[in-house]
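Right, one structure below, let's go through it.
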Amino acid sequence: MMSQGLLLVNLGSPASPQTSDVKKYLQEFLSDQNVIEMPRALWQPILRGIILPLRSWRSATFYQDSWLENGSPLIVNTKLITDGVQQCLPQWNVQMAMTYGQPDIKQTLQKMQQDGCSNIILLPLFPQYTQSSTKSIIDQAKTANVNLTIIDRFYQESTYQEILAKKIQQAWDNDSYDELFFSYHSIPTAMVKHGDPYQKECLATTEAVSKLLNIPQNQIKTVYQSKFGPMPWLKPYLKNALMQAVELGKRNILIVTPSFVADCLETIEEDYVQNYQTFKASGGNKFQLVSPMNDDPDFCQFLADLAQRNLVQNL
């Protein structure tokens with residue numbers, strides 16, 4: 001019997017927090033030409049000779065700090081989202097895959113086809129489209145040669161915006177804050193110059209969600225985090241913005257991270273450890289994150305409805 005398939009895809013994670021596994025994961029991730037646009041002949045010697053030896057053990061210590069009993073936070077939380085969406089779509093075959101590491105996108109799609117899925121909806125768990133995440137997923141998925149319907153972004157969906165606004169408002173009302181930061185994963189400015197729509201979509205997310213909030217506009221700021229390497233990336237950087245806020249007497253900051261739907265190294269280690277420490281050392285007081293969607297029932301239902309709607313449109 002034919003069944004309808006839905007594949008949710010997130011970035012991925014090393015198989016374990018050991019340096020060797022982290023190195024293998026970083027090598028796959030940083031060899032993707034959608035992520036690093038530099039010519040391979042120039043980039044690979046830098047990657048293998050300098051970056052992997054220096055970064056692998058350091059990243060491994062961060063993974064060791066945040067690793068959960070069942071695996072990496074990103075994998076564990078993506079699995080919870082997948083299970084939540086499956087409950088909303090009991091007749092469907094809902095699976096998850098990762099751009100780097102396991103479960104592999106191509107293999108998962110082919111297995112779903114073997115299991116009787118005639119059409120599969122591909123849904124990257126990235127609200128805003130960017131070459132460095134969404135395009136890589138689509139490129140890999142197309143190599144599976146299965147019948148696909150692709151949902152390549154969802155930041156513009158009013159239900160998603162309402163769920164995000166509700167989470168922010170609850171956190172804001174729970175305490176007293178001077179500013180709200182929308183912190184997105186940064187990308188190289190060169191990608192934006194080459195036509196990547198990501199920055200526009202981040203700013204559009206902030207604007208749309210801000211309109212639903214009972215928070216003064218002058219207390220809301222868009223920033224970017226997780227910069228990697230020496231090239232210019234989208235600014236202002238979260239770390240600098242935190243220090244600047246304290247200098248201006250704003251010592252109580254609430255941060256929401258809309259480009260991450262699941263808790264991961266960036267929210268747990270980079271924000272709650274490194275950025276928190278920077279903020280505190282600068283003289284900051286309250287530092288709080290709005291938790292990502294994770295397996296929020298409203299978010300799981302939203303993804304299920306989004307998939308069903310796209311199925312109807314494509315029949």
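Please treat every number below as a calculation from the coordinates, not as lab data. Fair warning: this is a prediction, and the values are worked out from it, not measured in the lab. In this analysis, Cβ positions are derived from the backbone assuming ideal geometry, glycine residues included, and neighbour counts consider all displayed protein chains.
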Of the listed pairs 239/280; 200/280; 106/200; 24/111, those with alpha carbons more than 20 Å apart are 200/280; 106/200; 24/111
The Cα extents of the stretch 158-289 along the principal axes, largest first and rounded to whole Å, are 41, 37, 27
Connecting every pair of Cα atoms under 10 Å apart in the chain and solving the GNM, the largest mean-square fluctuation among 133, 176, 186 falls on 176
Once amide hydrogens are built 1.01 Å from N within the peptide plane, the residues lying 5 or more places from residue 227 or on another chain with amide H under 5 Å from its amide H are 186
Ranked by GNM mean-square fluctuation in the chain (Cα springs under 10 Å), the top entry among 191, 231, 243 is 231
Residue-ordered couplings for the stretch 117-125, obtained by feeding phi - 60° into the Karplus form 6.51 cos²θ - 1.76 cosθ + 1.60 and rounding to whole Hz (Gly and Pro as x), are 7, 7, 9, 10, 8, 9, 10, x, 7
With x for Gly and Pro, the residue-by-residue ³J(HN,Hα) of the stretch 294-309, computed from phi through the Karplus equation 6.51 cos²θ - 1.76 cosθ + 1.60 at θ = phi - 60° and given in whole Hz, is 6, 9, 3, x, 5, 5, 4, 5, 4, 4, 5, 5, 4, 5, 5, 5
Residues meeting the amide H criterion for residue 233 (H placed from the backbone, H to H distance under 5 Å, 5 or more places apart or on another chain) are 189
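What percent do you get for the relative contact order of the chain when only Cα pairs under 8 Å and 6+ apart count?
Contact order relative to length: 22 percent.
What FRET efficiency comes out for the pair residue 281/residue 38, r = Cβ-Cβ distance, R0 = 51 Å, nearest 0.05?
On the way: r = 34 Å, r/R0 = 0.67.
Working from the Cβ atoms, E equals 0.90.
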Filtering GluC sites (Glu not before Pro) in the stretch 14-110 by DSSP loop and by at most 11 other Cβ atoms within 10 Å leaves 69
Quick shape check on the stretch 79-233: root eigenvalues a ≥ b ≥ c of the Cα gyration tensor, a/c under 1.5 is rounded, otherwise prolate if a/b tops b/c, else oblate, and it reads oblate
Within the stretch 91-159, DSSP-loop chymotrypsin sites (Phe, Trp or Tyr not before Pro) with at most 10 other C-beta atoms within 10 Å are none
Label model pair residue 20, residue 190: point-to-point distance (7 angstrom along the Cα→beta-carbon line) in nm is 3.4
A correct Karplus calculation of ³J(HN,Hα) over the stretch 139-145, with 6.51 cos²θ - 1.76 cosθ + 1.60, θ = phi - 60°, whole Hz and x for Gly and Pro, returns 4, 5, 4, 5, 6, 6, 6
Residues meeting the amide H criterion for residue 4 (H placed from the backbone, H to H distance under 5 Å, 5 or more places apart or on another chain) are 93
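Kindly give the semi-axes, whole Å and largest first, of the ellipsoid equivalent to the chain, taking each as the square root of 5 times a Cα gyration tensor eigenvalue.
On the way: eigenvalues 190, 128, 65 Å².
Ellipsoid semi-axes (Å, largest first): 31, 25, 18.
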Within the under-11-Å Cβ sphere about residue 207, not counting residue 207, Lys/Arg +1 and Asp/Glu -1 give a net charge of +1
Taking 157-166, 54-63 and ranking on average Cβ neighbours within 10 Å, highest first, one gets 157-166, 54-63
If one builds a Gaussian network model of the chain from Cα atoms under 10 Å apart, the most fluctuating residue listed among 14, 39, 127 is 39
